[in-house]
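Worksheet: the structure to be examined is printed underneath.
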Amino acid sequence: MADANLQVLTAMITPAVLISGAGTLLMSTSSRLGRVTDRVRQLTARFKVLVTDEGRTEALARDEKRLIVKQLPRLARRSRIIVRAMTALYLAVALLVLTSILIGGSALIGEAAGPLPVIIAIAGAASLAYGALLLSFETRLSASTTREEMQFLVNLGDHYAGLYDEALMNAVREGIEERG
């Protein structure tokens, strides 16, 4: 018969698999938030150039300013989604760690924990799933912004049409407009 202490230890470690997954998502999500912040700073710097006398004479400067202004609400939304996802992921980690503590604590004091650890573990897993779902929404929002920027670059290429052949520009347009 297996040692009861080892069984408790095994039960306590089981949530660690989900904790590890949440930790990995938290690291990548933190990086995503940093990229959104960096992008806002880049757009701010570019906008400051475009509103100068010299910047206003750049090709398609007005269109680029519109693109920047159009992207800001999306970047703000992306930032909010990422913060919500991080909150859900941190909550998931806390709930899953609490599950392990309850399992260990109940074994230590010799009292049955009842359904509480299972309920908390389910809440932690649900929070993890919610965080992952939010990140999928943020990814789609990011991709739509990238498509808009690529379209602007195609338009800029059209402006300097002498630098490109028409077949190349059509192929680029088709690649950007593809939905996948």
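The values are calculated or read from the model by the stated rules, or taken from the named source; none is laboratory data. All of these numbers come straight from a predicted model, not from anything done at the bench. Cβ: placed from backbone, ideal geometry, glycine included. Neighbour counts: every protein chain shown. For accessibility, only protein heavy atoms count, side chains too; no ligands or nucleic acids. Shrake-Rupley method; radii C 1.70, N 1.55, O 1.52, S 1.80 Å.
Once you have the Cα-Cα distance between residue 174 and residue 119, take 0.36 nm times their residue separation minus that, and quote the gain in nm to one decimal.
Stretched fully, the residue 174-residue 119 segment lengthens by 14.8 nm.
Rounded to the nearest 0.05, what FRET efficiency is calculated for residue 70 and residue 101 with R0 set to 45 Å and r the Cβ-Cβ distance?
Here the calculated transfer efficiency is 0.40.
Per residue, what accessible area does the chain have, given a 1.4 Å probe and all protein chains present, in Å²?
That works out to 63 Å² for each residue.
Within the chain, what whole-number % of the accessible surface is contributed by carbon and sulfur, with the 1.4 Å probe and all protein chains included in the calculation?
That fraction is 64 percent.
Restricted to Cα positions, what overall size does the stretch 1-98 have along the principal axes? Three whole-Å values, descending.
In descending order, the Cα extents are 82, 16, 14 Å.
Where does the charge balance sit around residue 85 when Lys and Arg score +1, Asp and Glu -1, over other residues with C-beta under 11 Å from its C-beta?
Overall, the nearby charge balance is +3.
For a quick protection proxy, order the peptides 25-38, 83-96 by their average other-Cβ count within 10 Å, most packed first.
Put in order of decreasing packing, that is 83-96, 25-38.
Just the Kirkwood number for the stretch 52-180, please: inverse of mean 1/r across all distinct Cα pairs, in Å, one decimal.
Value: 18.8 Å, from the Cα pair sum.
Please list the radius of gyration and Dmax for the stretch 26-77, considering alpha-carbon atoms only, with Å as the unit.
13.2, 43
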